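Chemist: Would you mind keeping the following structure in view while I ask a few things?
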Amino acid sequence: MTRSTEETHTRRALRALEHTDPSVRLRAAMTAGSAPAPDFVGTLVERCAAEPDFSVREMLTWALTRHDPSVTVPLLVGEVRSERTRARGQALHTLSKIGDRRAWPVITPQLLADPDDEVARSAWRAAVVLVPGGAEHGLAVGLAAQLGRGGHETQLSLSRALIALGEVTPPLLDAAANGPDPRVRAHAIATQRLRRDPGAGFESAIEAAKRIVALGGDPAGGAAERC
């Protein structure tokens, strides 16, 4: 393929990312990932922030993982600081898939507490992937501060992130399970149970935890077991 042909191919693929038909955009993102080129990266990152279709966004993320991290990571870090919710969330999701720890400094306490649940969930997942050795405890403290937040999916995401951090987590869960806030206590107890028995399911763990809290029982679960 000549240089002029390559340039024509690149321009065509970039234009297709803006097509009104999501199936065309999906194929364009697949093309961009199948034949990585630096010229694709800026448009792929921009498109992630605007793309309404979930399947296309996933393909855009895949395409970005196929490019050189030295090119993609700085642009994605910039998107994490965007005021646009989707830009932040999708950039974090993509960074978690790339797994380059040079992006770790963008994971701030403010980001872990992002007011948008989807962005916060993406931040928690990315943080667990990107955290460097020795920083796990600080991250766990930041995550534990979010216990009790949100609905079922948000709480499950946080529990999984805390569990993934390993042995730094149990003391923080113990403290939260004995704290004054009933919602935080229930979430902490449910996370403890899920950590001990990953196959138990979060729904049953949180319901059992709520019973323990309502009855004023031991966080270890004795009161719930008698119900």
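The values are calculated or read from the model by the stated rules, or taken from the named source; none is laboratory data. The structure displayed is predicted, hence computed values, not measured ones. Positions of Cβ are generated from backbone atoms using ideal geometry, with glycine treated the same way; all protein chains shown enter the neighbour counts.
Chemist: Within the range 101-137, work out how many residues are of a type in the set (Gly, Ala, Ser) and more than 10 Å from the chain's Cα centre (by Cα). Working first, answer last.
Modeler: Filtering the range 101-137 down to residues of a type in the set (Gly, Ala, Ser) leaves 103, 113, 120, 122-123, 126-127, 133-135.
Filter again for more than 10 Å from the chain's Cα centre (by Cα), leaving 103, 113, 133-135.
Residues flagged as of a type in the set (Gly, Ala, Ser) and more than 10 Å from the chain's Cα centre (by Cα) within the range 101-137 amount to 5.
Chemist: If you don't mind, another one. When you scan the range 64-83, do you find a residue that is of a type outside the set (Val, Ile, Thr) and touching a Gly at 6+ places or on another chain (Cβ under 6 Å), even just one?
Modeler: Scanning the range 64-83, I find at least one residue that is of a type outside the set (Val, Ile, Thr) and touching a Gly at 6+ places or on another chain (Cβ under 6 Å), so the answer is yes.
Chemist: Something else: Give the range 194-218 a look and list any residue that's surrounded by fewer than 13 Cβ atoms within 10 Å (Cβ to Cβ) and closer than 22 Å to residue 180 by Cβ, or say none.
Modeler: The answer is 216, and nothing else.
Chemist: Kindly indicate whether any position in the range 177-192 is buried (at least 16 other Cβ atoms within 10 Å of the Cβ), in contact with a Gly (Cβ under 9 Å, 6 or more places away or on another chain) and among the hydroxyl-bearing types (Ser, Thr, Tyr).
Modeler: No, because not a single residue in the range 177-192 is buried (at least 16 other Cβ atoms within 10 Å of the Cβ), in contact with a Gly (Cβ under 9 Å, 6 or more places away or on another chain) and among the hydroxyl-bearing types (Ser, Thr, Tyr).
Chemist: Restricting to helices (runs of 4 or more DSSP H) lying wholly in the range 109-227: which have 2 or more residues that are polar (S, T, N, Q) and under 20 Å from residue 97 (Cα atoms)? Lay out the reasoning, then the answer.
Modeler: Working: elements: 109-112, 117-130, 136-144, 152-164, 170-177, 182-196, 202-215, 222-226.
Because the criterion is at least 2 residues that are polar (S, T, N, Q) and under 20 Å from residue 97 (Cα atoms), the helices (runs of 4 or more DSSP H) in the range 109-227 that meet it are 152-164.
Chemist: Go through the range 64-93 residue by residue and tally those that are under 17 Å from the mean Cα position of the chain (by Cα) and among the acidic types (Asp, Glu).
Modeler: 1
Chemist: Run down 111, 194, 172, 158 and say which single residue is at pLDDT 95 or above, touching a helix residue (DSSP H, G or I) at 6+ places or on another chain (Cβ under 9 Å), farther than 19 Å from residue 92 by Cα and aliphatic (A, V, I, L, M).
Modeler: 172
Chemist: Something else: For residue 82, all conditions in the list (1) surrounded by fewer than 21 Cβ atoms within 10 Å (Cβ to Cβ); (2) farther than 30 Å from residue 145 by Cα; (3) hydroxyl-bearing (Ser, Thr, Tyr) hold save one; what is the number of the exception?
Modeler: It is condition (2) that residue 82 fails.
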